[in-house]
């Protein structure tokens, strides 16, 4: 599997998942981000942290990017997701607001 280098700040966010570092998303995101995880939406940093504590970092998540595209303010990353909660090909779509992450949407890749 070829691992790709993803543009910043998304690349650092993905690396932080592997390092179990939840502080990176707060620093890389806008003041009112949201996550849409397969149709379940979490608005704001507090709700995102609670979700992450269960299903992202709390599930010992690891995301290995294999491809990405950039279309204006959207960075779409596909790769392999592994965790105690779910496994398999995944698509993470980040909507950017300038150099900050405004939202992250997760679907099957």
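Just a few scattered comments:
- Residues that are under 20 Å from residue 100 (Cβ atoms) and part of a helix (DSSP H, G or I), drawn from segment 43-77: 44, 45, 46, 47, 48, 49, 51, 52
- Total residues in segment 1-25 satisfying the condition of being in contact (Cβ under 8 Å) with a residue 40 or more places away in the chain, buried (at least 16 other Cβ atoms within 10 Å of the Cβ) and not in a helix (DSSP H, G or I): the figure is 2.
- First in segment 36-54 and on the phi < 0 side of the Ramachandran plot and surrounded by 14 or more Cβ atoms within 10 Å (Cβ to Cβ), second anywhere and at pLDDT below 95 and not in a helix (DSSP H, G or I), Cβ under 7 Å, 6 or more apart: 49/22; 52/22; 52/58
- Scanning segment 84-96 for residues being surrounded by 15 or more Cβ atoms within 10 Å (Cβ to Cβ) and at pLDDT below 95 gives a total of 1.
The values are calculated or read from the model by the stated rules, or taken from the named source; none is laboratory data. Small disclaimer: the values here were computed from a predicted structure and weren't measured. Positions of Cβ are generated from backbone atoms using ideal geometry, with glycine treated the same way; all protein chains shown enter the neighbour counts.
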